[in-house]
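The numbers here are math on the coordinates, done by the rules we state, and not lab data. Here the structure is a predicted model, which means the values were calculated and not measured. All Cβ positions, glycine included, derive from the backbone under ideal geometry; neighbour counts span all protein chains shown.
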Amino acid sequence: MSDTAPSDRASRDLMAALDQTRPRTAADAADPSVPVAGTVLLLRDGATGPEVLMIERPDRGSFAGAWVFPGGKLEESDADEDASEEDDARRAGVRETWEETGLVVAETALRTVSCWDPPPGVPLRIRTWFFACAAPAGEISLSPGEAVAAEWARPDDMLARHGRGEVTLYPPTWVTLHGLIGSEDVGAFLDGVRLRGAARFETVVRRTPAGPLFLWQDDAAYDDAAEDKASGPRHRLETGRLPWSYVRSA
């Protein structure tokens, strides 16, 4: 693969940011100084399982050229001093979905899938809540400044395209797509989310000879790289080469 392959952009950005990371503290997961965002998985049933609406960002700005789910950062109108951060993010997700795609979703329809807190110290640090719902009826109307393309994607197809270097994905999107694989239909996925509750990904990233390694709380090496032995639980994403490798074990 050439050094200019689009999917390498995420790995290059991640490697460049590694020198700015610092050890995680207990306060980082709820740091009030970190911007908050909400993003929405709009799901529909396809012939072989759920499909999710994905949009391609313009080749500039944050996450330039990446394929993402509709969403964005909280604005002042989304905040309610009597509400939780999760609820504020839900309102942001609803608003951003409408602004970016023209599709209207109800706050009450959104199930919380996960919350992603990036590694402390990285320049573009946004704590993002991921929500999911069955896609509403209506035509997609993209905002030109926010997206250049949209498609209903089978999760395994999008991951395969990423593995071939055809599209750019960032780790939260990649792992979320991976979590959709195997669901029989949209209803089954949403029922599973309701039963499991929201997952929290409080990210640690380390430089390895193979490239950036992302770790989450139940990985044996999460708190101490010296504990990364041959045995022990794993929850990690290896991003040094394509295709990326996600490992989660007890």
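Just subtract the alpha-carbon distance of Trp98 and Arg194 from 0.36 nm times their residue separation and send over the number in nm, one decimal. Walk me through the numbers before you get to the answer.
Details: separation 96, 0.36 × 96 = 34.56 nm, distance 2.42 nm.
Full-extension gain reported as 32.1 nm.
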Next on the checklist: Using a 7 Å offset from Cα along Cα-Cβ at Leu124, what residues in the range 26-61 end up with backbone N under 13 Å from the label point?
Outcome noted: 57-61
Item to check | ³J(HN,Hα) computed for each position of the range 64-72 - Karplus, 6.51 cos²θ - 1.76 cosθ + 1.60, integer Hz, glycine/proline x | outcome: 3, x, 7, 8, 9, 8, x, x, x
Next on the checklist: Which of Ile140, Ile55, Ile126 ends up with the largest GNM mean-square fluctuation for the chain, with Cα atoms connected below 10 Å?
Outcome noted: Ile140
Checklist entry - Given C-alpha coordinates of the chain, what is the ratio Rg to Rh with the Kirkwood estimate of Rh? => result 0.94
Checklist entry - How would you classify the range 141-222 from its alpha-carbon gyration tensor, with a ≥ b ≥ c the square roots of the eigenvalues: rounded for a/c under 1.5, else prolate if a/b is greater than b/c, otherwise oblate? => result oblate
Checklist outcome for this item: Between Ala66 and residues 5 or more places away or on another chain, the pairs with built amide H atoms under 5 Å apart involve Arg57
Checklist entry - To the nearest 500 deg cm²/dmol, what mean residue ellipticity at 222 nm is calculated for the chain from DSSP H runs of n ≥ 4 alone, each contributing -39,500 (n - 2.57), summed and divided by the residues? => result -7000 deg cm²/dmol
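Just order 235-243, 25-33 by mean Cβ neighbour count inside 10 Å, highest at the front, would you?
On the way: 235-243: 18.6, 25-33: 10.6.
Result, highest mean Cβ count within 10 Å first: 235-243, 25-33.
Based on the Cβ-Cβ distance from Asp82 to Ala137, what FRET efficiency comes out when R0 is 41 Å, to the nearest 0.05?
Values: r = 32 Å, r/R0 = 0.79.
FRET efficiency, Asp82 to Ala137: 0.80.
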Checklist entry - How far apart, in nm, are two points set 7 Å out from the Cα along the Cα-to-Cβ line at Arg248 and at Arg60? => result 3.8
Next on the checklist: Explain nothing, just compute: Karplus ³J(HN,Hα) = 6.51 cos²θ - 1.76 cosθ + 1.60, θ = phi - 60°, for every residue of the range 244-250 in order, whole Hz, x for Gly and Pro.
Outcome noted: 5, 10, 9, 10, 9, 9, 7
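Multiply the residue gap between Trp152 and Glu75 by 0.36 nm, knock off their C-alpha separation, and tell me the result in nm, one decimal place. Intermediate values should be presented prior to the final figure.
Values: separation 77, 0.36 × 77 = 27.72 nm, distance 2.74 nm.
Residue separation times 0.36 nm, minus the Cα-Cα distance, leaves 25.0 nm.
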